[in-house]
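Notes for the one structure printed next.
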Amino acid sequence: MAPSTPIINSNSLNILDFVVNKGHGVKGLSELGLKTLPHQYIQPPQERFDSSNEEPNKDSIPVIDMSNPNDPHVAKAICDAAQKWGFFQIVNHGVPIHVLEDVKNATHKFFALAPQEKQKYSKSQSVTNNVRFGTSFTPEAEKALEWKDYLSLFFVSNDEAASLWPPICGKQALEYMKSSESVVKKLLEILMHGLNVKEIDETKQSILMGSKRINLNYYPKCPNPELTVGVGRHSDVSTLTILLQDDIGGLYVRNTETMKWIHVPPVSGSLVINVGDALQIMSNGKYKSVEHRVSANGSNNRISVPIFVNPRPSDIIGPMAEVLQSGETPLYKHVVYSDYVKHFFRKAHDGKATVEFAKYTWKQALEYMKSSESVVKKLLEILMHGLNVKEIDETKQSILMGSKRINLNYYPKCPNPELTVGVGRHSDVPTLTILLQDDIGGLYVRNTETMKWIHVPPVSGSLVINVGDALQIMSNDKYKSVEHRVSANGSNNRISVPIFVNPRPSDVIGPIAEVLQSGETPLYKHVVYSDYVKHFFRKAHDGKV
Ligand SMILES: COc1cc(/C=C/C(=O)SCCNC(=O)CCNC(=O)[C@H](O)C(C)(C)COP(=O)(O)OP(=O)(O)OC[C@H]2O[C@@H](n3cnc4c(N)ncnc43)[C@H](O)[C@@H]2OP(=O)(O)O)ccc1O
Ligand SMILES: O=C(O)CCC(=O)C(=O)O
Ligand SMILES: [Fe+2]
């Protein structure tokens, strides 16, 4: 096709301005006839398509014939596929083939419009948030852009669609959405049955399919498809997605057993169905919202048209009562659906990370605490040996590690980090602290000889261990509970996760007998540990006081 813009060398081109602000999209870039991919689209090696991560000879996701939707075998095939793959294709689904053809043609027509016409629907120019022409996924948040343009249409009413959706494709998109409604209902009925939900009442109807969004995706021919992606690894945030793809191919789904990628071959007249995060959450993980991605293509343009069937933005989603009634532990908390979606749109595609937003963090915290138990025991054994304590009996075990507390600390980016602190100077009260920090840095420790501060550099995979006041007291000052503090950071958010290993609150702590047996003078009296902790929490951080 002839370029719609003058030939420009990509080195002299302001890519973001050309693609995003001027509305050319990647389609405009592709039509410039570039020989090499602009560097903004080069994905890190681990995100590129690599045939060694694909399963070439394996069967792909199931293709299910829906001509007899009430057949129990069909219902079983659907529920099994939603559990194992999170993806399946349906044929004989009742959506007329001409409706599918019409929306594909309309998609081509929309993207064939002049950039300034398409740009009228961009974030900056669109008269409504419900109609959005864009490129990549979230260009503002992405380190590498994705090779895709899209038009996203959020359905509010027939009248709004008629007046605000682009005339060149709006009618066809709406027709496809309406014609697919009855198969969507049937699929959800079947999937709900599989969760012991016997009836879809009005509330369930809203939560399952209260809102819909249709995207028209355009993936133009790409100069270096091996270096980029059409869509990066993600799972959808919908209840269900109904995807129409053309005959080019390029959609890959993660096999969650082998972690390899499986191609979803185009099947004429079929629709690809996938479970989204909302349904994974409602089913408490029974149905899987599986990672998928789209490759770029060096020879062909490709289109796809997903309908995202969602809860309403104001709905609160969480594991359904019917799923939990047998006593299952809820894996997800209840969240407002629009908060969940905003979280998804705020960041670049990042595989399955979005669902962490709804996960109970107590599970991971508990796992970390339990997994660190044996190294804590070993450390205390060694430290006790150094104090002539040969055996850690039950009383010692209680005094050394009878209780534990875990904190999740978040230090957001700060406008004037030089004027404040993340945590002021203090020493910890427990026996030992096991600290996990991320790679940002900011923890400083007092060198007790020079009284200067020393940075504790993040070491990947490491844990920082420090002696607390309780152990300083028990060791009669042989082991030191040292002042430390945390700086604020002007460029990055930082997290840290300390586990505080303590005596039990009712334990009485003081210098231990084995330390004093050589006649050493006791430096501390015996105190009830909970009184000591109460004293610490009653005052501001004040160093070693
Ligand atoms: C684009 O490439 C994609 C897209 C996808 C999509 C997969 C899905 O599963 S879409 C289904 C999402 N569900 C819904 O849309 C239904 C629920 N809707 C809502 O909760 C709200 O409408 C909302 C989406 C949260 C928007 O709420 P609103 O109060 O109007 O807030 P905004 O300020 O408009 O938007 C918040 C934030 O999100 C960005 N955003 C909004 N819509 C889109 C969109 N269609 N595409 C991309 N980004 C969007 C918007 O830019 C805002 O960010 P700011 O930085 O501007 O504040 C899968 C894979 C893909 O590659
Ligand atoms: O284009 C495709 O095949 C899939 C697109 C997709 O995953 C999405 O838009 O969420
Ligand atoms: Fe998707």
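The values are calculated or read from the model by the stated rules, or taken from the named source; none is laboratory data. Keep in mind that what you see is a predicted model, and the values were worked out from it rather than measured. Backbone-built Cβ (ideal geometry, glycine too); neighbour counts: all protein chains shown.
Here are the numbers for this structure:
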{"read-out": "Among residues of the stretch 294-343, those that are out of contact with any Asp or Glu (no Cβ under 8 Å at 6 or more places or on another chain) and within 14 Å of ligand 3 (Cβ to nearest atom), counted", "value": "7"}
{"read-out": "Any chance TYR410 is among the hydroxyl-bearing types (Ser, Thr, Tyr) and not assigned by TED's automatic domain parsing to the domain that holds PRO44", "value": "yes"}
{"read-out": "Members of the stretch 218-233 that are within 11 Å of ligand 1 (Cβ to nearest atom) and either on the phi > 0 side of the Ramachandran plot or crowded, with 22+ Cβ neighbours inside 10 Å (or both)", "value": "TYR219, VAL229, GLY230, VAL231, GLY232"}
{"read-out": "The stretch 236-248, subset near ligand 2 (Cβ under 9 Å from one of its atoms) and not hydrophobic (A, V, I, L, M, F, W, C), residue nearest to ASP350 (Cα to Cα)", "value": "ASP236"}
{"read-out": "Within the stretch 304-319, tally of residues that are surrounded by 21 or more Cβ atoms within 10 Å (Cβ to Cβ) and more than 13 Å from ligand 1 (Cβ to nearest atom)", "value": "1"}
{"read-out": "Residue count for the stretch 202-237, restricted to those that are more than 14 Å from ligand 3 (Cβ to nearest atom), small (Gly, Ala, Ser) and part of a strand (DSSP E or B)", "value": "1"}
{"read-out": "Some residue of the stretch 366-385 being acidic (Asp, Glu) and surrounded by fewer than 13 Cβ atoms within 10 Å (Cβ to Cβ)", "value": "yes"}
{"read-out": "Members of the stretch 474-501 that are assigned to a loop (DSSP other than H, G, I, E, B) and either among the small types (Gly, Ala, Ser) or under 31 Å from the mean Cα position of the chain (by Cα) (or both)", "value": "SER475, SER481, ALA488, ASN489, GLY490, SER491, ASN492, ASN493"}
{"read-out": "From the options GLY327, GLY298, residue that is away from ligand 1 (no atom under 16 Å from the Cβ) and either in contact with a helix residue (DSSP H, G or I) (Cβ under 6 Å, 6 or more places away or on another chain) or part of a strand (DSSP E or B) (or both)", "value": "GLY298"}
{"read-out": "Of all residues in the stretch 256-287 being at pLDDT below 95 and within 30 Å of GLU322 (Cβ to Cβ), the one that is farthest from ligand 2 (Cβ to nearest atom)", "value": "GLU257"}
{"read-out": "2 or more residues under 25 Å from ARG538 (Cβ atoms) and in contact with a strand residue (DSSP E or B) (Cβ under 8 Å, 6 or more places away or on another chain): qualifying strands (runs of 3 or more DSSP E) within the stretch 378-458", "value": "403-406, 409-411, 421-426, 432-437, 443-446"}
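Per-residue answers, yes or no, for (1) surrounded by 15 or more Cβ atoms within 10 Å (Cβ to Cβ); (2) within 16 Å of ligand 3 (Cβ to nearest atom):
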residue	(1), (2)
LYS123	no, no
GLY134	yes, yes
TYR150	yes, yes
PHE155	yes, no
LYS171	yes, no
SER179	yes, no
